[in-house]
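What follows is calculated from the coordinates using simple rules that are stated; it is not laboratory data. If you're wondering where the values come from, they're calculated on a predicted model, not measured in any experiment. Heads up, the Cβs are rebuilt from the backbone with ideal geometry, glycines too, and the neighbour counts pull from every protein chain shown.
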Amino acid sequence: MQIVISAPVLGANRYNVDGSKGGSVYVLQPAQDDAQNHLGLQVQKFNAPYDLVEQLSQKPLPGHYELLVDIERGSQDSDKESVLSIAGSGKFDLPALYELFHIDPNAPAGKPNPEAARPLAGALRGLVVSATRYDMTDDGGGKGGRLYILQPTSGRNPNQFGLELIRLRMPYEIFAQLQDLQVPGEYLIDVQLGRGAGDKAQLRVTGLQPGNLLDKARLHELFKLDGQGGSTAGSASKGDSPVAGAGAGAASAKPVQPVQAGPEPAPARA
């Protein structure tokens, strides 16, 4: 089955190891309202061909696009979702994006707070988009949580584009603290460096400082919104096949009949 998803694309990465080539695309979607162990937004990872990620690296990232996604049954009855093509200019629907991140659209968009670039000791500043928790003590396991933050790629990795998703471990109890905060939001996160699997260094969250630092200027900086004006989400550039969809605040999906013969359904591969 094939569907077209209209949604914000945060970033992508690719690999080419011993003749095996491929990549991943990361898409931002609203969380389910009834999720008891999840806060904030969802970041969904799709498989993608190496050449498609190469194509995406030449487009604005992050950006709003239409993705043609193929869904097939994988191992152990799990779904395997792969992006086949991408269309659109990457421009966001700004009002919808502001709503997604709880930003007042009428607020002035001045310069980002210079504190955003100041190194911190024992803490980091991160755009928290999501948090989850788990409790498996009834089955003899442990309990804990994960904090997901977005940050611009450093540029040191030539195979990473756009924003990158960082996953941090956190104690189970911090989830309750996050329930009293606004997620998504940008916060000062207290961290501790410890030893992880394979003797690798691992950051672990020890707490969050209250006070959402995300404002309109900071959102414009992270999502590279300057100059976009009030653009329409996913508006296709010349040569692309536009697909009607929702704004940046809610990803939409439209079923597409499987391709048997003839041209590929929209969005067309650039």
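Which order do the peptides 177-183, 190-196 come out in when sorted by mean C-beta neighbours inside 10 angstrom, highest first?
On the way: 177-183: 15.3, 190-196: 12.7.
Descending mean neighbour count gives 177-183, 190-196.
So if each residue of separation counts as 0.36 nm, and I subtract the Cα-Cα distance between GLN202 and GLN182, what length gain in nm does that give? Show your work: numbers first, answer last.
Working: separation 20, 0.36 × 20 = 7.20 nm, distance 2.58 nm.
Result for the pair: 4.6 nm of gain on full extension.
Calculate the tail of P(r) for the stretch 134-173: the fraction of all Cα-Cα distances greater than 17 Å, expressed in %.
Result: 50 percent of Cα pairs exceed 17 Å.
List the pairs from LYS21/LYS111; LYS143/LYS200; LYS45/LYS91; LYS91/LYS111; LYS21/LYS80 whose alpha-carbon separation is above 29 Å, in the order I gave them. Numbers along the way, then the final one.
On the way: LYS21/LYS111 41 Å; LYS143/LYS200 21 Å; LYS45/LYS91 21 Å; LYS91/LYS111 21 Å; LYS21/LYS80 17 Å.
Long pairs (Cα-Cα over 29 Å): LYS21/LYS111.
May I ask for the distance between the Cα centers of the stretch 20-67 and the stretch 153-215, given as a whole number of Å?
19
Lys and Arg at +1, Asp and Glu at -1: add these up for the other residues within a Cβ distance under 14 Å of ALA197 and post the number. Mind showing how you got there, number by number?
Details: positive: ARG167, ARG169, ARG195, LYS200, ARG204; negative: ASP199.
Its environment carries a net charge of +4.
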